[in-house]
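Trainee: Please read through the structure below; I'll follow up with questions.
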Amino acid sequence: MRSGHGDWEQVGAGVFRRRFEPLDVSIGVVVAAGGLTVIDTRNNPAEARELVADVGARFEAPIVAVVNTHAHYDHSFGNQHLASLDGRPPIYGHAMIARHYADHEAPRLEAVQRDPQREPDKSWGEVMLTPPTVEVERAVTIEPGGRPVRLQPLPRGHTDTDLAVLVPDSRVWFVGDVIEESGPPMFGSGSFPLEWPAALDALLALIEPGDVIVPGHGAVVDRDFVVRQRDAFGEMAAFIRSSRAAGLDVEAAAAAAPAPLAALWPSSFVASALRAGFAALG
């Protein structure tokens, strides 16, 4: 399970991230005088235990808070272990995560736990869905361990649970999967491809020149990267609308994807975006 991308990388003053396999997921740590804030919890309790041990060995300080960037399994299925640590650190997350679990993660988890061969690459036998203990409905600044951390719910995009995390004194952002660098952004369970461009517009309105941005997967990026990805989502949204207006079905539209979109997203991703977009259009 160890990351293939090295040890903890300092991305700002007292702010670190590490890329863990599987899925090249980014985990953040914010160091404060009174303890650590951990951002995202990995894919299952075993991976979360490894994460906690790794954090303890590197930083030798208690975990005093946890934040979920969104509901998806690779970012939140380790919650149950983090919630059980000494001191019971609060887990902050978007107020819609519990509902997203009920609609998407719970049925999938139950199916895999009944029949692990449905998704043999998932080690979910121990997983008990554990929503955040502190629901975030609007932008708020918390101070775990004495250091300010800004929690910014985003409009619907990758999911309806996306939460950007800003460390203001270092101008470092953790944005979850509204931005991905190591592969094309995924239109997974509960995505909103028609609304994703507006979500990134809202994020860009808050990002300052020179800010450091940690995506959910992949290398650290800058504001210009977010702009380019926002433009690609805008093209995807326009393509979905024009395909629907032309009366195409998903298969025909995916086959007709323009070259820039086909170069960025594999056909299966384009089809997923079309299905979600067509459903939203009614």
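The numbers here are math on the coordinates, done by the rules we state, and not lab data. As the structure is a computational prediction, the values presented were derived from the model and not from experiment. Methodologically, a virtual Cβ is constructed for each residue, glycine included, from the backbone with ideal geometry; neighbour enumeration extends over all protein chains shown.
Trainee: If I model a spin label at E143 and D121 as a point 7 Å from the Cα along the Cα→Cβ vector, what separation in nanometres do I get?
Mentor: Rounded to a tenth, the inter-label distance reads 4.5 nm.
Trainee: While we're looking at this one, here's another question. Over all directions, the average projected area of the alpha-carbon convex hull for the chain comes to how many nm²?
Mentor: 14.3 nm²
Trainee: Further question on the same structure: Tell me, what ³J(HN,Hα) does each residue in the range 70-78 have, in order and in whole Hz, if you take phi through Karplus 6.51 cos²θ - 1.76 cosθ + 1.60 with θ = phi - 60° and put x for Gly and Pro?
Mentor: Karplus-based 3J(HN,Hα) across the range 70-78 equals 5, 7, 4, 4, 6, 10, 9, 6, x Hz.
Trainee: Here's something else I'd like to know. Tell me, what ³J(HN,Hα) does each residue in the range 149-162 have, in order and in whole Hz, if you take phi through Karplus 6.51 cos²θ - 1.76 cosθ + 1.60 with θ = phi - 60° and put x for Gly and Pro?
Mentor: Per residue, the Karplus-derived 3J(HN,Hα) values read 9, 9, 10, 10, x, 10, x, 4, x, 4, 9, 9, 10, 6 Hz.
Trainee: So what is the 222 nm mean residue ellipticity for the chain from helices alone, if each DSSP H run of at least 4 adds -39500 (n - 2.57) and you divide by all residues, rounding to the nearest 500 deg cm²/dmol?
Mentor: It comes out at -10000 deg cm²/dmol, rounded to the nearest 500.
Trainee: Share of antiparallel DSSP beta bridges in the chain, in percent to the nearest 5?
Mentor: The answer is about 70 percent antiparallel.
Trainee: Additional query: Amide H of V25 versus every other amide H placed in the peptide plane: which residues, excluding those fewer than 5 positions away on the same chain, fall under 5 Å?
Mentor: F20
Trainee: Just to confirm my numbers, what's the Cα centroid distance between the range 158-176 and the range 1-78 in Å?
Mentor: Using only Cα atoms, the two centres lie 14 Å from each other.
Trainee: Ok, one more. Compute the distance from the alpha-carbon center of the range 199-213 to that of the range 113-156, in whole Å.
Mentor: Here the two parts' Cα centres lie 22 Å apart.
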